[in-house]
Amino acid sequence: MNEFLQQVINGVSLGAIYALIALGYTMVYGVLKFINFAHSDVFMIGAFSAFYAVQKYPSVFVINSWPGGALVIFTVMALCALLGMVIELLAYRPLRNKPRLSVLITAIGVSLLIENLAQLQFGAAPQHFPDLLPVTIIHLGNLSISSTKIVVIGVAAFLLVALEFIVRKTKIGVAMRAVSFNHQTAALMGVNVDLVISFTFGLGSALAGAGGVLYSLSYPAVEPFMGIMPGLKAFVAAVLGGIGNIPGAALGGLLLGIIETFVKGSHYSTFTDAIAFAILILILLFRPAGLLGKVQIEKV
Amino acid sequence: MISRSQFTLLLALLACGALPFLQNPLHFNAYYVDVAIKVAINITLAVSLNLINGYTGQFSLGHAGFMGIGAYSAAAVTLFAGPAFLKIFPYSGSPLILFLMAAIIAGISAALVGLIVGIPSLRLRGDYLAIVTLGFGEIIGVIIRNIGPLGGALGLNGIPNYTTLFWAFSFAAITIYCVFSLVHSTYGRGFLAVHDDEVAAEAMGINSTRYKITAFVIGAFFAGIGGALYAHHTQAIDPSGFDFVKSVEIVVMVILGGMGNTRGVIVAAILLTVLPEFLRPLATYRMIIYALLIIFLMLLCPNGLAQMVKMLPGKASRRRRKLS
């Protein structure tokens, strides 16, 4: 029972990170209907910018302290938001009315470009990520929980609630939802579609950047290709919950994190990477719209 | 009476037959031979993927997975069954027969996996299919890593070097012939119909699922053969050689050539195999140039090289159907 609870906490902490990345996929899919393959690289850039921020400006971004850690996360989120918007502006906007497949290929190209530029700049070897926050072990009965896990879950939960607020209650959130229904109609209603899409990329990328920092807190090794696997799994999480659906992405991320942690702790640990895709295939076969998605009927 | 395409195939095979004779007297540089064989393997892979992605319009991102299955099953045949076979039949032609058997078995096993993968996933469309085939590619890699006799993550070594220039180009020619004739046959028009409009094709009485699975299985078969050629050329294989990056590489060849344009895809396969060799001095920048190439290509001419050729002066009046 103890081990079970311990694994659930580990799973939720991993799942919270998947959820943060999955939100970016799901929001972009909502407004543009394509998989942003470069999203996982924004995640990687997030981890690296935190890494370099504390290395270059140790007096501003103090490691091992709460204000320093918070400052790092906010800075990284702002940087990643900017990066996401630039990617959208340069690579995706010119293809706005082209076939979706071209955009998908471009996204793969952008992803390869960022990964290889990062490899050139940062080197291929994994580097140790510093302890941004003071770590203590909290004992709860027989459970021992690292404070990092609680911070990861807490920050992720806060960001999820903030996002839900932006999407549901603010004017730009309403515009986002309008654009995801129909570009033309939204434009006719006076919504600046380009601005909304740019904002969506910024928001999603900021969350991915935060995800990158949180991930590196739990798994402290940063390297240029670190984004690929978490990115793919987060996409699986988005599909699992129903792509284009924000609570769905959160739910999918949590479920995937928990399932994966249990598989990792079992006899079949070497198959961990295959589990996410096996789940994806099962979901798409039996419930293609995802857990919380609505089934859409195709009209001719 | 043989058709034009059969005649072309015959000619191509004869040319392949002449290659080894040219090879020795001219003292071809081993490096050139190596690049030429890689060209042939990539043509096989790209043309077979073109049947799925180009002609049938199903976006698959897991072609390297099928190539991997082919490579591993062919290597398993020559490594595990090969010595016994050569002991029973100690003739000079035996290694050749063994190699052909291995290639056929590679094709069949890849096709079987293609069938198993295709039946459930081809019910999906567009991006979903892309991500599921990507997922299958990853799963195949994980499974191979977990099979002890196949060497796990270290892979298989000491595979005999059976892939000659002749066999590499012969298989490439056969692949081109099969795919080209198939889509130009009466039956093959169905692939294009599914590509153009699935709902309309269904309304015309075309079983679109069946066509999609057929394309997938045939594509996987030739990818398997491509894998067999690869394994017997590099002589050492490991699961990381058949990952997402390799799949993307093949997809880029198809896109660059123009989806559903066999000639364009062949040119792109040659170009994208030879070009990196020229970029070798720029080693670290190679992948960056490659990525930029993909992006600019998509931004400037999303329909591939074929479209670019059409834009050249003098060719504008020659209107061709999309299927050329």
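Laboratory data are not the source of any read-out in this text; all were calculated from the coordinates shown. The shown structure was predicted, so the numbers you read here are calculated from the model rather than taken from an experiment. In this analysis, Cβ positions are derived from the backbone assuming ideal geometry, glycine residues included, and neighbour counts consider all displayed protein chains.
Summary table
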read-out	value
Integer Hz, Karplus 6.51/-1.76/1.60 couplings in order for the range A:213-228, x for Gly and Pro	5, 5, 4, 5, 5, 7, 10, x, 9, 10, 8, x, 9, 5, x, 4
Over 19 Å between alpha carbons, listed pairs A:LYS33/A:LYS169; A:LYS98/A:LYS171; A:LYS233/A:LYS264	A:LYS33/A:LYS169; A:LYS98/A:LYS171
Rel. contact order, % - alpha carbon contacts under 8 angstrom, at least six apart, chain B	32 percent
Net charge contributed by nearby residues that have their C-beta within less than 14 Å of A:ILE197 (K/R +1, D/E -1)	+2
Gaussian network model of chain A, Cα within-10 Å springs - most flexible of A:PRO130, A:PRO94, A:PRO220	A:PRO94
³J(HN,Hα), Karplus 6.51/-1.76/1.60, whole Hz, each residue of the range A:196-209, x for Gly, Pro	5, 5, 4, 4, 4, 4, x, 4, x, 5, 4, 5, 4, x
Helix-only [θ]222 nm of chain A, DSSP H runs n ≥ 4, -39500 (n - 2.57) each, per residue, nearest 500	-23500 deg cm²/dmol
Rounded FRET efficiency, nearest 0.05, which uses the C-beta distance separating A:PHE165 from A:VAL62 and R0 of 25 Å	0.25
Amide hydrogen neighbours beyond the local backbone of A:LEU292, cut-off 5 Å, H modeled	A:GLY242
Loop trypsin sites (Lys or Arg not before Pro), the range A:76-169, which have at most 13 other Cβ atoms in a 10 Å radius of their Cβ (DSSP)	A:ARG96
Among B:GLY190, B:SER92, B:TYR230 the positive-end extreme of the charge dipole of the protein assembly as shown (Cβ point charges)	B:GLY190
Mean Kyte hydropathy of -0.5 or more with a Cα span along the axis of at least 15 Å, helices from DSSP in chain B	B:4-23, B:30-49, B:63-76, B:94-121, B:126-145, B:165-184, B:208-234, B:244-257, B:262-278, B:286-300
5 Å binning of all Cα-Cα separations within the range A:2-286, expressed as whole percents from 0 upward	1, 6, 12, 17, 19, 17, 13, 8, 4, 2, 1, 0
Unit Cα scatterers, Debye sum, the range A:155-206: log10 I(q)/I(0) for q = 0.14, 0.29 Å⁻¹	-0.36, -1.12
Proxy reagent accessibility, fewest Cβ within 10 Å first, across B:ASP127, A:ASP41, A:ASP131, A:ASP273	A:ASP131, A:ASP273, B:ASP127, A:ASP41
Cα-based equivalent ellipsoid of the range B:4-243: semi-axis lengths in Å, sorted from largest, via gyration tensor	31, 23, 14
Mean residue ellipticity (222 nm) of chain B, computed from DSSP H runs ≥ 4 via -39,500 (n - 2.57), nearest 500	-23000 deg cm²/dmol
Max mean-square fluctuation residue, GNM over chain B, Cα-Cα springs under 10 Å, options B:PRO160, B:PRO90, B:PRO149	B:PRO90
Chymotrypsin sites (Phe, Trp or Tyr not before Pro) restricted to DSSP loop in the range B:150-243 with at most 15 other C-beta within 10 Å	B:TYR187
With Cα atoms, 0 to 90° folded angle of helix A:171-181 axis to chain A main axis	60 degrees
Lys pairs under 25 Å by Cα in chain B, provided they are eight or more residues apart or on distinct chains	4
Highest-fluctuation residue, A:GLN184, A:GLN127, A:GLN119 considered, GNM on chain A with Cα pairs under 10 Å	A:GLN184
Net charge dipole size for the range A:2-286 [Lys, Arg +1 and Asp, Glu -1 on Cβ; Debye, nearest 20]	740 debye
Cβ-based exposure ranking for B:MET298, A:MET229, in which fewest neighbours within 10 Å come first	A:MET229, B:MET298
Estimated D of the protein assembly as shown in µm² per second, where Rh is the Kirkwood radius over Cα pairs and Stokes-Einstein applies at 37 °C, 0.692 mPa s	127 µm²/s
Average Cα contact separation per residue, chain A, under 8 Å, 6 or more apart, as relative contact order %	36 percent
